[in-house]
Amino acid sequence: MTARLHSEVPAIQSSWDDLLVGIEDAGHWQKRRETLRKRFLELIRDEAKPPPVPKDTRIEDEQIVDGSYRLRWISYQTESEDRALAAVGIPLNPTGPLPGVVALHGTTPQGLRQTVGLEGAPEEAHLDHLCRRGFAVIAPEHFVSGTRIPPEGPYDTKRFYDKHPEWTAVGKFTYEHSLAVDILSSLPEVDASRLGVMGHSLGGHGAYFLAAYDERLKAAVYNCGSTFFRHNPQVEKWARDRWYIYFRHLRESLLRGEAPPIDMHEIIALIAPRAFLDISAWNDPLCHIPTQRQRALMLLKLGELYGLLEQPQNLAFYIHGQGHAVPPDSKALICEFLAQHLKQPD
C-alpha cells in the first residue's frame, strides 16, 4: 500500500473568488460594496418604483391564538390602486420590547394562510412558530397571491409588467417587503433595533434580497430558495416569457449567454457583516443540482468576507439532503439563529 504523506493545506480556488479580488481590508470592501449596491439596485430597477403613498394601515380582523399571541390581519396601501394584506402576530404579555421578524412565504397555493398555520404544510407555518418563541412577526402576502391573485392565475406577473414595464417583480416584492418592515418597526411592542427576516423558497431568496435592500434588518435566514446566474444551464428561468417573471429586462441578454453584472453571492455579501444563515439542500429538485452543489464553495468565500470584517460568528450555513423542504432540523436552526442574533440575553 502506498504511504500517505503529510502535506500542506491546499488553497481552495473557485469562480466565487471574484467577490474579494483586490480586497485587502474593510476599507477596500466598503468601496466594492458601494459598487455592488449600485449594481443591485440597477438589477431590480429600483429607480422605476412608484412614488410612495400613505400606507393607510387598517386592522381587518383580530383574534387570540391559543392564549399565546394576538393575530391581526391588516391591509395597507403599497402604491396607487394597490393594497396589500399581511398577518401580524404579537406575543401576549411580553416582559419588554420584542424582536421582530418578517416571514416570507413561497409560491404555494395557500400562500400567507400557510405562513399563519391555517392551511398547507404545518412545517411552513413560520408566523405561528416564531410567535410562540417570543417574536413579533409580520407575514406579508406576495403581490400575486392570495387576495391579490390576478385573472391569469396565482403568481402570474403579466399584469404587473403591463402596469410597470420598466420595473421588475423582484423590485416590486422587495419594495413591498420593506414597507412591511416599516409597519413592524412602528409597532409599540417591537424593538426596532432588533429586526430580522426569514423565508422559504420564493420567500428564501426574497429574504436575502430584502436584507440587502433594507439595512434595518439585523439578521436574515434563507431556506431552499434560488440558484445563481452563473454555472446555471437554466438561467433563463430568471427571465421567463410567461407566468412568474423575475427580471423581464434580462431575457434577451440571458438568451445570448450574457450574465448580469452582479450575481447572488454578491447580493448576499451586501448583508455582511449582519447575521446571515443559509440553509439549502444539495439535492433540491427545484434547482439545477450540479449548480446547487456550488453553493458550498460560494458560502466558503462569503465566510472569508465575514472574517475580513471581523464578524465570523454572524455567518452560518447548513446543507442537507432532504430536498426542497423545511425539515425539523432546519426549522430548529432558523428559530435558534434568529433568537441568538435578535433576542436580548437573559
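Would you check if Arg33 is surrounded by 14 or more Cβ atoms within 10 Å (Cβ to Cβ), among the charged types (D, E, K, R), touching a residue at least 12 places away in the same chain (Cβ under 8 Å) and touching an Asp or Glu at 6+ places or on another chain (Cβ under 8 Å)? Answer is no for this residue. How many residues are out of contact with any helix residue (DSSP H, G or I) (no Cβ under 7 Å at 6 or more places or on another chain) and in contact (Cβ under 8 Å) with a residue 60 or more places away in the chain when one looks only at segment 202-234? Here the count works out to 5.
Of everything in segment 85-106 that is in contact with a Gly (Cβ under 9 Å, 6 or more places away or on another chain) and surrounded by fewer than 18 Cβ atoms within 10 Å (Cβ to Cβ), the residue that is farthest from Tyr244 (Cα to Cα) is Pro94. Scanning segment 13-65 for residues that are part of a helix (DSSP H, G or I), charged (D, E, K, R) and farther than 24 Å from Lys172 by Cβ gives Asp17, Asp18, Lys31, Arg32, Arg33, Glu34.
Which pairs turn up if I take residues in segment 101-112 that are among the hydroxyl-bearing types (Ser, Thr, Tyr) and look for partners that are at pLDDT below 95 with beta carbon separation below 6 Å, at least 6 apart in sequence or on another chain? From segment 101-112, the pairs are Thr108/Gln114; Thr108/Gly120. Leu130 meets all of the listed conditions (1) assigned to a strand (DSSP E or B); (2) buried (at least 24 other Cβ atoms within 10 Å of the Cβ) but one, namely (1).
Being assigned to a helix (DSSP H, G or I) and not aromatic (Phe, Trp, Tyr) is the filter here; which residues of segment 185-215 pass it?
Ser185, Ser186, Leu202, Gly203, Gly204, His205, Gly206, Ala207, Leu210, Ala211, Ala212
The values are calculated or read from the model by the stated rules, or taken from the named source; none is laboratory data. What you see is a predicted model; the values in this text were computed from it and never measured. Cβ sites come from the backbone with ideal geometry, for glycine too, and all protein chains shown count toward neighbours.
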